[in-house]
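Here's the structure we're looking at; comments come further down.
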Amino acid sequence: MYKIVSKKELNSTVTMMDIYAPFVAKKAEAGQFIILRVNEDGERMPLTIAGFDREAGTVRIIFQVVGATTTLLNQKNEGEYIEDFAGPLGNPTKTDNLKKVAIVGGGVGCAIALPVAQKLHKLGCEVHSIIGFRNEDLVILEDEFKAASDKLIVMTDDGSKGRRGLVTEPLKELIESGEEYDEVIAIGPLVMMKFVVLTTKPYGVKTTVSMNPVMIDGTGMCGGCRLTVGGKVKFACVDGPDFDGFLVDFDEAIARSNMYKPFEERKREENCNLLNMKVK
Amino acid sequence: MANMSLNKNPMPTQDPKVRAKNFLEVATGYSEQAALDEAARCLNCKNMPCVSGCPVNIHIPDFIEKVREGDFEEAYKIISKSSSLPAVCGRVCPQENQCEAKCVRGIKGEPVGIGRLERFVADWHNEHSSAVETAPEKNGHKVAVVGSGPAGLTCAGDLAKSGYEVTVFEALHTAGGVLVYGIPEFRLPKKIVAKEIETLKKLGVKIETNIIIGKTLTVDELFDMGFEAVFIGSGAGLPRFMGIDGENLKGVYSANEFLTRSNLMKAYEENSATPILRAEKVAVVGGEMLRWMLQERRFALAQKRFILYTVAPLKNFLQDRKRLSMLWRRALNSNFFAIL
């Protein structure tokens, strides 16, 4: 059992938790992930690590309440426990020899882009961050990004905060204006990452994407998280989760990510009904 | 006088029509009467050829003799001197290629049902015995075991019995390895695995789940923590894909993924939190035993039609008659297609 040391709602659908897991905290690096189960008989859910405190022995997770498992997790409160918490899994984001990078975060993906930005910033790398959200209410971690970035651009779909438009627009402008990035690191929805790659490819700017496919064991045993990268089968859990964006077959990854959509929708409905009953 | 029947006492099973719709164990196990009768088929050979066929050299004629005498607890003690997992091995060991293949009774007729007797004895013990397992005196040496599958559990059991302080590290949330994620409930009920693991715990074995050695802790750190030896039983590793068109399409599973969803995560249950696709028409590519297990499993999930694509000749499957006969019986009652 793993204790929820703190819980904070970042916005109406995104929650941050610090979980007491000293073994994981001791080894965790930006870019790696954990697998948790909320309760016995729960499903195994991978979440990329959003931060860690080695001394306190805590690991930070930030998640959007989208499915049955995240709904259950969100019902847990500070001081309560979750059943399982295993990691760190996957490989850390490569930060060696980077002098100037653009970090592109989308939605809740910003939560896991932040530790990468912080790490690079700490290493003395020039960090330009572009973070995008649907609207002002959904903006998260703006101050933290500001502190970790030499340049920060906030985008919203409706213009209610920062600039109106997609994250690819300022990215293209920055590259066009002569900013020479060693690397662009994109973390967010698959569609966003696909378009970031389409934006950077003509300029040949190396682009790393963080993949978060459906996964079960997270140790390379099942192959459920497989992707096609450069025409070869790769497992996000042991080969990734970071990959060269130019080589990832995004259309395939998007199709695979929808495999259990009907199931997820049904489950969420059931859960909501249960909640409704409790309220009565 | 030995029971000279040429055939083994048959293993009672669920009615095929009933079992096709549930995930309960297919074979229900010998009654005491059947066990006594089967034990009487053993000739108690002096040179014990069966023992030479057993990878852990269980004293087979000795335990069978105790069964014949009706002293099932003593029979269990004899088995457990050599095997840490009798209820598991009695179910899933390929006895037909091991101990039973060497049985003298098999020269003319069927060999003694050693596996069935082993299972009977283990189940009898688990159900009736009030004997309390006690941890043997510790010798002060610490050993780490990586992986809680059959290899790791066996190693842990043997070491614990010799007085070592053993800690087993498991990456998943449940101990058992392939016994829980791979072998289906209807072949090996998970409560049997849990019971065997409980027995190991009573012997003093510690089990730490959610620890991925190589990630959460390294082997070097294990040595730093005071472990003097490390046994690595990490399993079969990554599944291999064939690199053919369409294998990453939605609905294409590796055997491991399908089994893990169904077994470890219990996706076969109606209210499981973990999803699994339920198709009416299924193709199975490949021809190892694993595929047959998948097939059986699919049967209960799908009920409609199978296509088996395999590059291995059918005779390879026929070697495993025990499982195959049951499968064919049911397959012939449905639309079963094998494309070879």
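Here, each number is a calculation from the coordinates, and none is a lab measurement. These numbers come from a predicted model, not from an experiment. Positions of Cβ are generated from backbone atoms using ideal geometry, with glycine treated the same way; all protein chains shown enter the neighbour counts.
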With the alpha-carbon atoms as the only input, what is the per residue convex hull volume for the stretch A:84-130 in Å³? 82
Across A:Lys122/A:Lys206; A:Lys7/A:Lys27; A:Lys26/A:Lys261; B:Lys46/B:Lys195; B:Lys142/B:Lys195, pairs whose alpha-carbon gap is larger than 27 Å: A:Lys26/A:Lys261; B:Lys46/B:Lys195
B:Glu185, B:Glu100 arranged by Cβ crowding within 10 Å, fewest neighbours leading: B:Glu185, B:Glu100
Long-range amide H partners of B:Glu208, meaning residues 5 or more apart or on another chain whose placed amide H is closer than 5 Å, are B:Val168, B:Phe169, B:Glu170
Determine by what factor the alpha-carbon radius of gyration of the protein assembly as shown differs from 2.2 N^0.38 Å, reporting the quotient. 1.10
MRE, 222 nm, helices only [DSSP H, n ≥ 4, -39500 (n - 2.57), over the protein assembly as shown, to nearest 500]: -9500 deg cm²/dmol
Please get the size of the charge dipole for the protein assembly as shown, origin at its Cα centre, with Cβ charges of +1 on Lys and Arg and -1 on Asp and Glu, quoted in debye to the nearest 20. 1880
How big is the antiparallel share of DSSP beta bridges in chain A, given as a percent to the nearest 5? 60
Going residue by residue through the stretch A:259-265, the Karplus relation 6.51 cos²θ - 1.76 cosθ + 1.60 with θ = phi - 60° gives ³J(HN,Hα) values, rounded to whole Hz and with x marking Gly or Pro, of 3, 10, 4, x, 4, 4, 5
Taking θ as phi - 60°, what are the ³J(HN,Hα) couplings along the stretch B:59-70 by the Karplus curve (6.51, -1.76, 1.60), each to the nearest whole Hz, with x for Gly and Pro? 6, 4, x, 5, 5, 5, 4, 5, 4, 4, 7, x
Diffing the stretch A:55-64: the Karplus 3J(HN,Hα) column from phi (6.51, -1.76, 1.60, θ = phi - 60°), in whole Hz with x for Gly and Pro, holds 6, 6, x, 10, 10, 9, 10, 10, 9, 9
Antiparallel content of DSSP bridges confined to the protein assembly as shown, in %, to 5: 45
Take the Cβ-Cβ distance between B:Ala131 and B:Ser5 as r, set R0 to 35 Å, and report the resulting FRET efficiency rounded to the nearest 0.05. 0.60
Please list, in chain and number order, the residues 5+ apart from B:Ile232 or on another chain whose amide H is under 5 Å from its amide H, with Hs placed from the backbone. B:Val146
Could you list B:Asp71, A:Asp143, A:Asp217 in order of exposure, starting from the residue whose Cβ has the fewest other Cβ atoms within 10 Å? A:Asp143, B:Asp71, A:Asp217
From fewest to most C-beta neighbours within 10 Å, the residues A:Glu169, A:Glu78 line up as A:Glu78, A:Glu169
Within 10 Å of each Cβ in B:211-218, the average number of Cβ atoms from other chains: 5
By a straight-distance test (C-alpha under 23 Å), which lysines pair with A:Lys201 as possible cross-link partners, with residues fewer than eight away in the same chain excluded? A:Lys94, A:Lys99, A:Lys100, A:Lys151, A:Lys172, A:Lys232, A:Lys234
Counting only C-alpha contacts under 8 Å and six or more residues apart, can you give the relative contact order of chain A as a whole percent? 16
Burial ranking of peptide ranges B:119-131, A:188-200 (average Cβ count within 10 Å, highest at the top): A:188-200, B:119-131
What are the residues whose amide H is under 5 Å from the amide H of A:Asp84, where those residues sit 5 or more places off or on another chain and H is modelled from the backbone? A:Arg37
